[in-house]
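K.L.:
First the structure, then my questions, so here it is.
What follows draws every value from the coordinates through simple rules; no lab data is involved. Everything quoted here is computed from the prediction, not taken from an experiment. Cβ sites come from the backbone with ideal geometry, for glycine too, and all protein chains shown count toward neighbours.
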Amino acid sequence: MTVNWTIVGTGVIAHEMATAFNQNNREIYGVFSRNADKVKQFASDYGVVHQFNSLDDVFFDNYVDAVYIATPHNTHFDIAKKAIEHGKHVLMEKAITMNKEDLDKLENLAKKHNVMLLEAMTLVHMPLAKKIKSMINDGQLGKIKHISVTHGSVKPYDAKNRFFNPDLGGGVLLDMGVYGISGARYFMSDQPNNVHSFVDYAPTGVDEQTVTILHNQLGESAMVSVSLQAKQPKALTISGTKGYITIPEYPRAQSAEVYHVDSDTTEFITEGSTENALFYEILDFENIMDDPSSIQKYKTITDDVFTIFEQMKTSWSQQK
């Protein structure tokens, strides 16, 4: 089945997605942005078939099957709601929504209109992550005991910048935090039932740095550290009774290091390709369109992560 995709937005991540389409010899049906000049240039750069002048034009085009929403996350809800109401499948950049309430509304709407809604979280679509998940399920690490995730950058403070502006959905949680918490939850066997989180705020009041401890009923724990003001490696380590796996650059990783306790040896594994990270999202999404029941394994992670977010915020309120 050929899926006609329209890209909504022309920012950095939209360019990355268009490049992924081109490199895999896939045609992009359409593109929309509020800036007509950017739309024209984008279409020229990537051979896009249709240039849309409004969102209504996108959603009323019966040939548009799915939209990839690559706009800032504070705009996601309104765009996705309209897309779903017009029967379009939606793949939406992280963070999929600003909060769990909005996510629940969109999921219920997608169910009503019989369309697919999914967050574009590269980690869970990477072949390496799937391979490691299979290794864990096969017991190659023994009983999982702990997961550690770090992810941090030093962002120049600017109250108007999206990272620090509360009106634009600023804060580390909806930026790096969604990767870190998603990574921890993906490799845990069950949803955490105990969440403790610590936060430092930027002068604008958004969360600037968080350290979060997760624990579930199976005795698995995780610690996730994310920051807008401390450079940290993008690294995820899964530790079990038989060894550990370290995944550098975990959101789009193609290789990892595996340590085996019994033999005191280390091996390196590879799977997939970092440069195809965004295209793996497209392939999985199109498979979901063919088999809607397969969305549940991805949807569960997103739902659980946003539940964790609410528990984190409860911890933060108790610090005040």
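K.L.:
Filter region 24-54 for residues that are outside any loop (DSSP other than H, G, I, E, B), touching a helix residue (DSSP H, G or I) at 6+ places or on another chain (Cβ under 8 Å) and charged (D, E, K, R) and give the result.
P.N.:
Within region 24-54, just Asp45 meets the criteria.
K.L.:
Could you check Lys231 against (1) outside any helix (DSSP H, G or I); (2) basic (Lys, Arg); (3) under 17 Å from the mean Cα position of the chain (by Cα) and say which number it fails?
P.N.:
Every condition holds for Lys231 apart from (3).
K.L.:
While we're here: Scan region 63-99 residue by residue and report those that are farther than 29 Å from Lys313 by Cα, crowded, with 24+ Cβ neighbours inside 10 Å and of a type in the set (Gly, Ala, Ser).
P.N.:
The answer is Ala83, and nothing else.
K.L.:
Could you list, in sequence order, all residues of region 192-242 that are touching a Pro at 6+ places or on another chain (Cβ under 7 Å) and crowded, with 16+ Cβ neighbours inside 10 Å?
P.N.:
Answer for region 192-242, where residues must be touching a Pro at 6+ places or on another chain (Cβ under 7 Å) and crowded, with 16+ Cβ neighbours inside 10 Å: Thr204, Val206, Leu214, His215, Asn216, Lys234, Ala235.
K.L.:
Here is a follow-up. In this structure, is Val149 surrounded by fewer than 21 Cβ atoms within 10 Å (Cβ to Cβ) and among the aliphatic types (A, V, I, L, M)?
P.N.:
Judged against the criteria, Val149 is not a match.
K.L.:
Looking only at region 189-227, which residues are out of contact with any Gly (no Cβ under 6 Å at 6 or more places or on another chain), part of a strand (DSSP E or B), of a type in the set (Val, Ile, Thr) and over 14 Å from Asp304 (Cβ atoms)?
P.N.:
Within region 189-227, Val199, Thr210, Val211, Ile213 meet the criteria.
K.L.:
Let me ask another. Given (1) surrounded by 18 or more Cβ atoms within 10 Å (Cβ to Cβ); (2) part of a strand (DSSP E or B); (3) under 20 Å from the mean Cα position of the chain (by Cα); (4) of a type outside the set (A, V, I, L, M), identify the lone condition not met by Tyr186.
P.N.:
(2)
K.L.:
Here's a follow-up. Determine, yes or no, whether Asp104 is surrounded by fewer than 17 Cβ atoms within 10 Å (Cβ to Cβ), under 23 Å from Gly272 (Cα atoms) and free of Cβ contacts under 8 Å to residues at least 24 places away in the same chain.
P.N.:
Answer is no for this residue.
K.L.:
Give the residue that is surrounded by the most Cβ atoms within 10 Å (Cβ to Cβ), with candidates limited to residues of region 152-169 that are touching a residue at least 24 places away in the same chain (Cβ under 8 Å) and out of contact with any Leu (no Cβ under 9 Å at 6 or more places or on another chain). Before the answer, list the steps.
P.N.:
First, pick out the residues of region 152-169 that are touching a residue at least 24 places away in the same chain (Cβ under 8 Å): 152-155, 157, 159, 162-169.
Among the residues that remain, those that are also out of contact with any Leu (no Cβ under 9 Å at 6 or more places or on another chain) are: 159, 165-169.
On the way: Ala159: 12, Asn165: 17, Pro166: 14, Asp167: 9, Leu168: 17, Gly169: 21.
Among them, the one singled out is Gly169.
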